[in-house]
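Below is one structure, written out as structure tokens; comments come after it.
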Amino acid sequence: MNLDNFETVVVETDLLILGGGMAACGAAFEAAHWAKKHGLRVCLVDKASMERSGAVAMGLSAINLYLGVSKGNNTVDEYVNYVKNDLMGIARKDLVANIARHVDSSVHLFEKWGLPIWKDDEGNYVNEGRWQIMIHGESYKNIVSEAAKNALKELGENGSYYERIFIIEPVMIGDRCVGAMGFSVRENKFYVFKAKAVLDSMGGAVHVFRPRSVGEGLGRSWYPPFNSGASTYFTLKAGAEMTCQEVRFVPVRFKDSYGPVGAWFLLFKSKATNAKGEDYMETRAAELEKWAPYGASKPTPANLRNYLMLLELEAGNGPIYMRTDEAIQKLVAEIPDEKEARRKMKELESEAWEDFLDMTVSQALNWASHNIMPEESPSEISACEPYFISSHSGASGAWVSGPVDLAPGEHHWGYDNMTTTKGLFAAGDASGASSHKFSSGSFTEGRIAGKAAIAFCMDHPDAIKISDEQIAAMKEKALMPLKIFEEHSGYTNDVDVNPNYIKPKMFMFRLQKIMDEYAGGASVGFKTSDALLTKGLEYLQFMKEDAEKLAAGDLNELMRCWENVHRMWQAESHIRTVLFREETRWPGYYFRTDYPEMKEDWEAFANCRWDPETGEWEMIKRELL
Amino acid sequence: MFVWITNQEIMPSFVITEKCDGCKAQDRTACQYICPNDLMVLDTTSNKAYNRAVDMCWECYSCVKICPTQAIEIRGYADFMPLGGVVQPLRSTDSIMWAVRFRNKMVKRFKFPIRTTPEGSIEPDAGFSTGTDDLKSTVLRTEPDSL
């Protein structure tokens, strides 16, 4: 590859939206409206194709956040309490409430745009659980991305979106974020986007920890493998304060293919049991008292449900089963009329399969491959590997400003969802301590951030100037793995084995091994300690040095190189924060064997910041306000 | 009409050589356009598409659904799925049909709606109006109407 032929493209905009998933689409939809009123430009950059990018690429079978406030179904406060309890007290009430008070509007828009939502005989949405509604969501992302693209089109030449551009890192002038740099994964083009405000919404991080399947099944992560830590890296490198980097998420899902369990637990009222058929939520109920007050709250926090299951496995009581057969049979048995019961059975069967086919097709394939009919036999469930995702029951992300009317004193600094770095906003998996936003809440948070970012652009109208020297230096850094490969690959008989460089795939495997064995991955039962974490951090420093020697043979590998640099920084902020919080608060996510209990003085946020000036990490404990 | 496609044991998402025409009528292949992980590549010598990193495949079926010649299928991850199961979709503009074939040859078929409006027809405001022009207010686009 001739590096001299790499064109440099500079794009100027006012608001730059990074990512193409639910949060980014929400931001584009909202920002376009306000930008049009004020003659501003909005530009969105996606590493994939918006039609099927982000975590909703495959579709979804439910919208997990809908309050129904106008129908009197729930209140914002009730939702905030639910989220806070699920996260063992660690949540920003102002951020969660801000999303919750707007989310119904987003869902009503989805329906008008064409998303089929299940309705009962009276025309009301069908609830899966209290906050969840059922959808025919195979094309959820296609629909939402079409709305976002059409919103950008309304801006005429002031609206644009770029696909297949991989964003590496922020462009900074002093302490202000003024854009982003990246490259096309399809043609030899280096991109610099200049902007007055930047919104980071590039998703969570997968493949930081070693997955349970390491053959072909490596790709069958629960959250998508293409969400590779870009958001966290971006805000960290911009010097923004991060929060809850220790609060990983370990989902319990159908084993191996990671099909969803929500419909089974909530809609079909299924139970999970050990191999003997015992419901461990009942037999181990006493354990929950140790985690009071959260252990006593209903529903039981996700991490504690995980924990009781892990205790069963430790006791040798596995496999763990979702009793799908019993659940279906019980629902059918409630219907006395034989013909009606048969019709119900058919309906339940169809609903069960759709739940997988809408969002995790591989689980349907898994059932077919194992000759499993859910109405006849149970299926194994298991705890997945850890993920970084603040839109679900994890919380890691940037520390952002809350809204003026809800945020207590120091939680508000001018613009909703702005990070502590001037001009840089975060939404979706990129913003922390506002868990359980899911698809609809991520879209909604994108809207909130998009509007606020337009207000920032209005207040900071001066044109952004980036010097040619700065652009040249960024380009050299971005393309370095290509240059290293070109210089050294001829030295050995195998381009993947060379003492002068490391390829991104082996780099990723090394990271996953460190995280799994030292930072409490799946293979060690999610247990770790000061000594293990300190050792892991030591090995990570070698990795950081070797990252300078990543090599890429083509544009695809160049993307993989940078994805794994992103993952490595997500890993480091995680280890440092798990070390900092000297207690165990989410025993089903990770367990500190040296501090096995929850402590009152850690009823607080554990934040961190990497200082771009000094390269030092600062750990910050912040009160729950 | 759903035509059954025979299973071939190659990789998570695999291309049936005979059926792939490299999307010759278009400027790029459909699978290359859609793959969220940038895995599908067109081999310019054979003019056939292929998945370049099967262990990075999420089995999201985006390529399977979009392929104009139905040349792409999924063979379940070999590290935990026994051979013989097939799940194959046929997606139209308003619904999707699925054929599920079990290892024991049993077949189940399902059809689900996917969209209630014509493709390309979305008007962002969806008929809702926005109650304020104030950029600093907490009111979002289409609110309070859409709430």
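The values are calculated or read from the model by the stated rules, or taken from the named source; none is laboratory data. Quantities reported herein were computed from a predicted structural model and do not represent experimental measurements. Cβ atoms come from the backbone with ideal geometry, glycine included; neighbour counts cover every protein chain shown.
For the range A:1-31, filtering for residues that are of a type in the set (A, V, I, L, M) and within 27 Å of A:VAL56 (Cα to Cα) leaves 10. Filtered by the rule that a residue be farther than 16 Å from A:MET88 by Cα and either surrounded by fewer than 16 Cβ atoms within 10 Å (Cβ to Cβ) or at pLDDT below 95 (or both), the range A:580-611 gives A:THR593, A:ASP594, A:ASP611. Scanning the range A:83-124 for residues being within 22 Å of the chain's Cα centre (by Cα) and either surrounded by fewer than 19 Cβ atoms within 10 Å (Cβ to Cβ) or in a strand (DSSP E or B) (or both) gives a total of 1. A:ARG130 meets the conditions (1) modelled with pLDDT of 95 or more; (2) over 29 Å from A:CYS244 (Cα atoms); (3) over 20 Å from the mean Cα position of the chain (by Cα) in every case but one. The failed one is (2).
The residues in the range A:374-415 that are more than 14 Å from every other protein chain (Cβ to nearest Cβ) and either polar (S, T, N, Q) or more than 23 Å from A:ASP516 (Cα to Cα) (or both) can be counted, and the count is 13. Of all residues in the range B:25-52, those being assigned to a loop (DSSP other than H, G, I, E, B) and either within 8 Å of another protein chain (Cβ to nearest Cβ) or surrounded by fewer than 20 Cβ atoms within 10 Å (Cβ to Cβ) (or both) number 13. If you go through the range A:296-312 one residue at a time, do you hit one that is at positive phi, away from every other protein chain (no Cβ under 13 Å) and surrounded by fewer than 16 Cβ atoms within 10 Å (Cβ to Cβ)? No, the range A:296-312 contains no residue that is at positive phi, away from every other protein chain (no Cβ under 13 Å) and surrounded by fewer than 16 Cβ atoms within 10 Å (Cβ to Cβ).
Filter the range A:6-23 for residues that are buried (at least 24 other Cβ atoms within 10 Å of the Cβ) and either among the acidic types (Asp, Glu) or within 12 Å of A:VAL198 (Cβ to Cβ) (or both) and give the result.
Step one: of the range A:6-23, the residues buried (at least 24 other Cβ atoms within 10 Å of the Cβ) are A:13-23.
Result: A:THR13, A:ASP14, A:LEU15, A:LEU16, A:ILE17, A:LEU18, A:GLY19.
Would you mind stating whether A:LYS237 is out of contact with any Ser or Thr (no Cβ under 8 Å at 6 or more places or on another chain) and either free of Cβ contacts under 8 Å to residues at least 12 places away in the same chain or charged (D, E, K, R) (or both)? Working first, answer last.
Working: out of contact with any Ser or Thr (no Cβ under 8 Å at 6 or more places or on another chain): yes; either free of Cβ contacts under 8 Å to residues at least 12 places away in the same chain or charged (D, E, K, R) (or both): yes.
The answer is yes for A:LYS237.
Filtered by the rule that a residue be within 25 Å of A:GLY26 (Cα to Cα), in contact with a helix residue (DSSP H, G or I) (Cβ under 6 Å, 6 or more places away or on another chain) and of a type in the set (Lys, Arg), the range A:195-251 gives a lone residue, A:LYS196.
Quick grid of which residues meet (1) over 30 Å from A:ALA31 (Cα atoms); (2) in the same structural domain as B:ILE16 (by TED's automatic domain parsing); (3) touching a residue at least 24 places away in the same chain (Cβ under 8 Å):
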position: B:MET56; (1), (2), (3): yes, yes, no
position: B:SER62; (1), (2), (3): no, yes, yes
position: B:GLU73; (1), (2), (3): yes, yes, yes
position: B:GLN88; (1), (2), (3): yes, no, yes
position: B:ALA99; (1), (2), (3): yes, no, yes
position: B:PHE112; (1), (2), (3): yes, no, no
position: B:LYS136; (1), (2), (3): no, no, no
position: B:ARG141; (1), (2), (3): no, no, no
position: B:ASP145; (1), (2), (3): no, no, no
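Taking the criterion of being part of a strand (DSSP E or B) and within 14 Å of another protein chain (Cβ to nearest Cβ), the only residue of the range A:191-221 that qualifies is A:ALA197.
Scan the range A:29-46 residue by residue and report those that are at the interface with chain B (Cβ under 8 Å from one of its Cβ atoms) and surrounded by 24 or more Cβ atoms within 10 Å (Cβ to Cβ). Hits for the range A:29-46 are A:PHE29, A:GLU30, A:ALA32, A:TRP34.
Would it be correct to say that A:ASP429 is assigned to a helix (DSSP H, G or I), modelled with pLDDT of 95 or more, out of contact with any Asp or Glu (no Cβ under 6 Å at 6 or more places or on another chain) and within 23 Å of A:ALA604 (Cα to Cα)? Before the answer, list the steps.
Details: assigned to a helix (DSSP H, G or I): yes; modelled with pLDDT of 95 or more: yes; out of contact with any Asp or Glu (no Cβ under 6 Å at 6 or more places or on another chain): yes; within 23 Å of A:ALA604 (Cα to Cα): yes.
Considered against the rule, which asks whether it is assigned to a helix (DSSP H, G or I), modelled with pLDDT of 95 or more, out of contact with any Asp or Glu (no Cβ under 6 Å at 6 or more places or on another chain) and within 23 Å of A:ALA604 (Cα to Cα), A:ASP429 comes out as yes.
Given the criteria under 21 Å from the mean Cα position of the chain (by Cα), within 12 Å of chain B (Cβ to nearest Cβ) and either surrounded by fewer than 23 Cβ atoms within 10 Å (Cβ to Cβ) or over 24 Å from A:ASP200 (Cα atoms) (or both), does A:SER61 qualify? Judged against the criteria, A:SER61 is a match.
Yes or no: the range A:487-499 includes at least one residue that is outside any strand (DSSP E or B), touching a strand residue (DSSP E or B) at 6+ places or on another chain (Cβ under 8 Å) and either of a type in the set (D, E, K, R) or closer than 30 Å to A:GLY59 by Cβ (or both).
Here is the first cut: in the range A:487-499, the ones outside any strand (DSSP E or B) are A:487-499.
Subsequent filtering for residues that are touching a strand residue (DSSP E or B) at 6+ places or on another chain (Cβ under 8 Å) retains none.
No - not one qualifying residue is present in the range A:487-499.
Looking across the range B:107-136, the residues that are more than 9 Å from chain A (Cβ to nearest Cβ) and either closer than 25 Å to A:SER105 by Cβ or in contact with a Leu (Cβ under 8 Å, 6 or more places away or on another chain) (or both) come down to B:SER129, B:GLY131, B:THR132, B:ASP134.
Scanning the range B:57-106 for residues that are assigned to a loop (DSSP other than H, G, I, E, B), modelled with pLDDT of 95 or more, more than 7 Å from chain A (Cβ to nearest Cβ) and closer than 22 Å to A:ASP256 by Cβ turns up B:LEU83, B:MET106. Selection over the range A:310-333 of residues that are closer than 25 Å to A:SER61 by Cα and either part of a helix (DSSP H, G or I) or of a type outside the set (Val, Ile, Thr) (or both) gives a count of 12. Residue pairs whose Cβ atoms lie under 6 Å apart, sitting 6 or more positions apart in sequence or on different chains, and linking a residue in the range A:534-546 that is at negative phi and surrounded by 12 or more Cβ atoms within 10 Å (Cβ to Cβ) to a partner that is modelled with pLDDT of 95 or more and not in a helix (DSSP H, G or I), are A:GLY536/A:ALA519; A:ASP546/A:ILE502.
Of the residues making up the range A:145-155, at least one is outside the structural domain of A:ASN564 (by TED's automatic domain parsing), surrounded by fewer than 20 Cβ atoms within 10 Å (Cβ to Cβ), at pLDDT 95 or above and not in a helix (DSSP H, G or I).
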